[in-house]
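Asks: Okay, here's the structure, questions in a sec.
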Amino acid sequence: MGGLAAALLARRGRPVHGIVLIDAWNAALVGDELVRNGPQWRSQFEASMDLGHSLNGATPASLADEIAAHRTDWNLMDAAPALARGQVLNVYATHGGAAENRALTAAIHGLGGADLTVVEIETDHSFTDRRIALAGVVVSWLDELETVD
């Protein structure tokens with residue numbers, strides 16, 4: 001959810017020096033499915049959510065409610081114009097949100113976003129088996145980030 005949150009922050013127009021999107025998720029797509037496909041699809045979605053202890057007080061049901069309620073606000077693609085104006089690293093997982101992130105990349109390029117670095121890593125959304133590679137990509141990008149006076 002962090003990649004989506006970072007993209008939505010850029011959309012608000014707040015000044016940021018650079019944005020790193022790590023396998024950003026387009027929650028609007030899931031929100032649309034939750035509304036369109038009814039209780040059985042929702043039950044399957046909730047069953048797929050393993051929140052562990054990462055979101056204090058959240059449950060799969062409360063998360064599904066929030067995603068459905070904010071589906072029009074949480075569209076990753078709506079952030080493309082703001083992202084096209086900044087320095088962005090979009091690193092994503094081949095077996096995670098690759099399709100959503102490829103679409104976002106195309107949208108940013110289509111808007112003239114020239115300061116976009118894109119890296120696809122052969123792994124899943126959690127990057128569990130490629131955390132060192134992920135960290136290397138982010139650190140290298142940060143080292144090259146243009147400074148602001």
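The values are calculated or read from the model by the stated rules, or taken from the named source; none is laboratory data. It should be emphasised that the depicted structure is a prediction, and the values quoted were computed from it without experimental measurement. Virtual Cβ from ideal backbone geometry, glycine too; neighbours counted across all protein chains shown.
Asks: Report those helices (runs of 4 or more DSSP H) wholly inside region 1-79 carrying at least 1 residues which are free of Cβ contacts under 8 Å to residues at least 60 places away in the same chain, of a type in the set (Asp, Glu) and out of contact with any Pro (no Cβ under 7 Å at 6 or more places or on another chain).
Replies: Because the criterion is at least 1 residues that are free of Cβ contacts under 8 Å to residues at least 60 places away in the same chain, of a type in the set (Asp, Glu) and out of contact with any Pro (no Cβ under 7 Å at 6 or more places or on another chain), the helices (runs of 4 or more DSSP H) in region 1-79 that meet it are 27-48, 60-69.
Asks: Follow-up question, since we're still on this one. Tell me whether region 21-31 contains one or more residues that are in contact with a strand residue (DSSP E or B) (Cβ under 6 Å, 6 or more places away or on another chain), among the aliphatic types (A, V, I, L, M) and assigned by TED's automatic domain parsing to the domain that holds THR105.
Replies: There is at least one residue in region 21-31 that is in contact with a strand residue (DSSP E or B) (Cβ under 6 Å, 6 or more places away or on another chain), among the aliphatic types (A, V, I, L, M) and assigned by TED's automatic domain parsing to the domain that holds THR105.
Asks: Does ASP78 satisfy the condition of being surrounded by 13 or more Cβ atoms within 10 Å (Cβ to Cβ) and closer than 25 Å to GLU33 by Cα?
Replies: Yes; evaluated as a whole, the condition is true for this residue.
Asks: Conditions: (1) assigned to a loop (DSSP other than H, G, I, E, B); (2) charged (D, E, K, R); (3) crowded, with 19+ Cβ neighbours inside 10 Å. GLU100 meets all but one. Number of the miss?
Replies: (1)
Asks: Additional query: Out of the residues in region 113-143 that are among the acidic types (Asp, Glu) and farther than 13 Å from ASP23 by Cβ, state the one that is surrounded by the fewest Cβ atoms within 10 Å (Cβ to Cβ).
Replies: Restricting to residues being among the acidic types (Asp, Glu) and farther than 13 Å from ASP23 by Cβ, the top hit is ASP143.
Asks: Starting from region 109-125, keep only residues that are farther than 16 Å from ALA98 by Cβ, then list their pairs with residues that are aliphatic (A, V, I, L, M) and surrounded by fewer than 16 Cβ atoms within 10 Å (Cβ to Cβ) whose Cβ atoms are within a distance under 9 Å, requiring at least 6 positions of separation or different chains.
Replies: Note: no pairs meet the criteria.
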